[in-house]
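Heads up: the structure comes next, in structure tokens.
The values are calculated or read from the model by the stated rules, or taken from the named source; none is laboratory data. None of the values given here were measured: they were computed from a predicted structure. Note that each Cβ is placed from the backbone with ideal geometry, even for glycine, and that neighbours are counted across all protein chains shown.
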Amino acid sequence: MIELPLVTELLLAFSLTLALIFAYLTVMERDLIRAVVFSAGQSIAFAYAYYLLFAPDIVLAYIAVGVGIYSMILIFAISKTERYEKV
Amino acid sequence: MTATKALEEERTHGAIIGVGIAILLMLTIAAVILGATGYTPSEKIRPLAQFYLYYAMNIFKKELWAATPEAVNSMVWDYRGYDTLFETSVFFLAVIGAVAVLRLPGVKDVSTKGIFSGRGLSLIVKVVTKFIVAFILIVAISIAIHGNLTPGGGFQAGAAVSIATLVALVAFSRIFLEERHVTTKLMLPIRVIGVVGIGLVALAPAIIALTGTFAFAMQNQPKVWAPNFGFPPGFGDFWFSGNQFYYNFLEFLAVGAGFTVIYLMYSIPELIYKEVLKKK
Amino acid sequence: MTTLSQVLWIYMYLTLIGLIAVAVYGIVRRPNLIKKIIALSILGDTANTFIIFIGFRRGLATVPILPTLNPTLEQLIAFKNTAVDPLPQCLVLTAIVINMSVTAFLTALAIQLYRLYGTLDVRETAKLKG
């Protein structure tokens, strides 16, 4: 009924929509620790999109860098500076 | 009054530049939708990509092959090797820059003995972390060594092994790592060994070319116009793919040690900095 | 290609345009330096995804990895006709490393700025000129 390329494209559209929602929540959030958590969620949505686009090397590199290294460097920086942003 | 007016002018200036960049990127994507790079997504790929896919593991035409069944790794280290060489040097310089900005003046290595005290995290976290650190180390070494046969390679393995150090740093404390000699004094020489090793393996054919034959730097297999020098692709069951095995392992050492140095420098608590800056 | 597929592809490109707009808004209008660094990383990842979209092959597509060490000629020709473009993936790996190096250096500079001036708000730091 539904053939294989259509299933791949539906899942790609779903993962990119999820990334857009997480990115919007990241930019609009005033508490910086929550913004870092939303940014990690957006990285996971992008990693799922890379898996559906048949790129396994990039999935390995991007999950380690996006979820592990970015989140930890930003949390160290936030703990040494301020936590809330004054809009 | 003029100070705030100049401020407002600069802010709108910045906003106009930002919006201009955004419109430029959006027009690029719109051009691709309307067919600037051919009809995307198409059922055929470009002739250059077909060339790389056909000749990456072509045992019938050994003048152009790269001796590795994984096309992406063959392009990272053999067909487009100079990109990776300079990317490694950019990463090296970034770690030097970050360490130089956050360095304490006059102090060589910081020890956080006696600053923290307490029970730490719960027992479940500590036991599970011990298992997880061992598994991550094994998986990272496997990704580095099998980089020319399965998805993986040098940089992916280096990023994964730094996650093991990070998890041990967060669940236990920095003293735990210092007592096992995982300090910046040990990691900086490992990083230098990795990067210098990559440079030597890249320059080895050019040094051998001084004796009369024709070989170029970063040469993997013997080519049509340089047929006298090449790394051996494998012995029986063990497949080296020329010099890509050595490149993957040395890049794993360099990247893993580089990330560990960044974590150890960032996790020094602020009390030490305030003490040192107050004494000056 | 059916019309549902065409609509889905255009929708995906419009999502990428929306991500660029959100990231540039975050860089320009948010006053905290850490928030600007987070938005810059979103912009870089969107550009990488767009590059891999260009190299995608519709229909029968496979990973660009050959499963055997002794391929026959028919296997090589079938591999050439069904695998996804491997060249954008090689360039995106380099781009990921360089973006991450720049982000690590920028956070080191932001921490040092906080120690010297006591604030990370760009509106107050801009008043300190002259």
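Descriptive notes on the structure:
- With respect to the conditions (1) closer than 30 Å to residue C:2 by Cα; (2) free of Cβ contacts under 8 Å to residues at least 40 places away in the same chain; (3) more than 9 Å from every other protein chain (Cβ to nearest Cβ), residue A:71 lacks only one, and its number is (1).
- Scanning segment B:74-116 for residues that are at pLDDT 85 or above and assigned to a loop (DSSP other than H, G, I, E, B), we see that the one that is surrounded by the most Cβ atoms within 10 Å (Cβ to Cβ) is B:102.
- Residue match in segment B:95-106 (condition: within 7 Å of chain C (Cβ to nearest Cβ) and free of Cβ contacts under 8 Å to residues at least 40 places away in the same chain): yes
- Put simply, of C:52, C:111 the only residue that is aliphatic (A, V, I, L, M) and under 20 Å from residue B:42 (Cα atoms) is C:52.
- For segment C:1-36, the candidate set comprises residues that are among the small types (Gly, Ala, Ser) and at pLDDT 90 or above; within that set, the residue that is farthest from residue B:14 (Cα to Cα) is C:18.
- Summed over segment B:11-61, residues that are outside any helix (DSSP H, G or I), more than 8 Å from chain C (Cβ to nearest Cβ) and surrounded by 15 or more Cβ atoms within 10 Å (Cβ to Cβ) total 0.
- Residue within segment C:86-106 that is among the small types (Gly, Ala, Ser) and farther than 21 Å from residue B:87 by Cβ present: no
- Highlighted here are the helices (runs of 4 or more DSSP H) found entirely within segment C:32-130 that include at least 2 residues which are within 7 Å of chain B (Cβ to nearest Cβ): C:33-54, C:73-82, C:87-117.
- The helices (runs of 4 or more DSSP H) falling completely within segment B:174-280 that include 3 or more residues that are within 14 Å of chain A (Cβ to nearest Cβ) and touching a residue at least 24 places away in the same chain (Cβ under 8 Å) map to B:244-266, B:270-279.
- Against the numbered list (1) hydrophobic (A, V, I, L, M, F, W, C); (2) in contact (Cβ under 8 Å) with a residue 40 or more places away in the chain; (3) surrounded by 21 or more Cβ atoms within 10 Å (Cβ to Cβ), residue C:52 comes up short only at (3).
- Taken across segment B:158-176, residues that are crowded, with 17+ Cβ neighbours inside 10 Å, out of contact with any Ser or Thr (no Cβ under 7 Å at 6 or more places or on another chain) and at pLDDT below 90 do occur, with at least one present.
- Test: residue C:48 is touching a strand residue (DSSP E or B) at 6+ places or on another chain (Cβ under 8 Å) and closer than 22 Å to residue A:66 by Cα: no
- Across segment C:68-87, the number of residues qualifying as touching a helix residue (DSSP H, G or I) at 6+ places or on another chain (Cβ under 9 Å) and either touching a residue at least 60 places away in the same chain (Cβ under 8 Å) or surrounded by fewer than 21 Cβ atoms within 10 Å (Cβ to Cβ) (or both) comes to 6.
- Pairs with Cβ under 6 Å, 6+ apart, first in segment C:96-124 and buried (at least 18 other Cβ atoms within 10 Å of the Cβ), second part of a helix (DSSP H, G or I) and among the acidic types (Asp, Glu): C:97/B:87
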